[in-house]
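First the structure, in the form of structure tokens, and then the observations on it.
Since every read-out is calculated from the coordinates, none of them should be taken as a lab result. Note that the structure is predicted; figures quoted are calculated from it, not measured. Positions of Cβ are backbone-derived with ideal geometry, glycine not excepted, and every protein chain shown enters the neighbour counts.
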Amino acid sequence: MDQKTTMEKLQILLPHWIEHNHNHETEFKKWADLARAEGQDPLAELLDKAVASMGETDTILKKALAEIGGPGEGHCHDHHHHHHD
């Protein structure tokens, strides 16, 4: 059995987390726009803050990935997350 080190696991996990965060950020933006269009500005502003926070998280995760030398060999992202309207 192939035992991966923590660093090898993180080289796989971090790119996944970065992509997953980006997908959520896109969803949050969409829903903020919809809320704003319906006159729910306070809600839209909170969602905008969540988007900004996700952007900060993305930056930190990218720095962590760079710290461990980038994605692992053979990293491919062959699964997708679907979010429903």
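So here's what we get for this one:
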item: Surrounding net charge for Gln11, when Lys and Arg each add one and Asp and Glu each subtract one, Cβ distance under 12 Å; result: -1
item: Neighbourhood charge, 12 Å Cβ-Cβ cut-off, centred on Leu65 and excluding it, Lys, Arg +1 and Asp, Glu -1; result: -1
item: Packing-based exposure ordering (other Cβ within 10 Å, fewest first) of Leu47, Leu13; result: Leu13, Leu47
